[in-house]
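Some notes on the structure that comes next.
The values are calculated or read from the model by the stated rules, or taken from the named source; none is laboratory data. Since this is a predicted model, take the numbers as computed values, not measurements. Here the Cβ positions follow ideal geometry from the backbone for every residue, glycine too, while neighbour counts run over all protein chains shown. The protein model used for the area step is the full one, side chains on, heavy atoms only, and it has no ligands, DNA or RNA in it. Shrake-Rupley method; radii C 1.70, N 1.55, O 1.52, S 1.80 Å.
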Amino acid sequence: MSIIPNNNAFMNSPFSTAIALPELRGNTAFLNSQVDWKETPEAHVFKADITGLSKEEVKVEVEDGRVLQISGERKVEKEDKSNAFHHVECSSGKFMRSFTLPENVKLDQVKASMDNGVLTVTVPKILDAKAIEN
């Protein structure tokens, strides 16, 4: 898993965006990876259910200064010369989700971790001095 700053002018939407790549048709379970975005007083926390992916197959990037992009690719190799498959449900494919972050975040302190198929991305907030006093 990697956190990569990127200045690619790819998306400017203030809304969450899921991108369906052409090779993913028929792979909706993987494509529709659900992501929860929770705001706490200290940070924005994203949790994505990406069961079946290893951390090496997941990429977390910050693009255009404030666009958090979570992407991944599952590769399934079907090499079994001794047996014949009658039905294969394990699929391969790619997904990408993007979120425009608010201005009050510390982009240089983004952290990501994976535990039991759940990716957690934490984006700390710049704390307002008035909020700290209260």
*Can we say ASP36 is within 18 Å of LEU119 (Cβ to Cβ) and either among the small types (Gly, Ala, Ser) or at pLDDT 80 or above (or both)?*
yes
*Checking VAL67 against (1) modelled with pLDDT under 90; (2) open to solvent by less than 30 Å² (accessible area, probe 1.4 Å); (3) not acidic (Asp, Glu), which single condition isn't satisfied?*
(1)
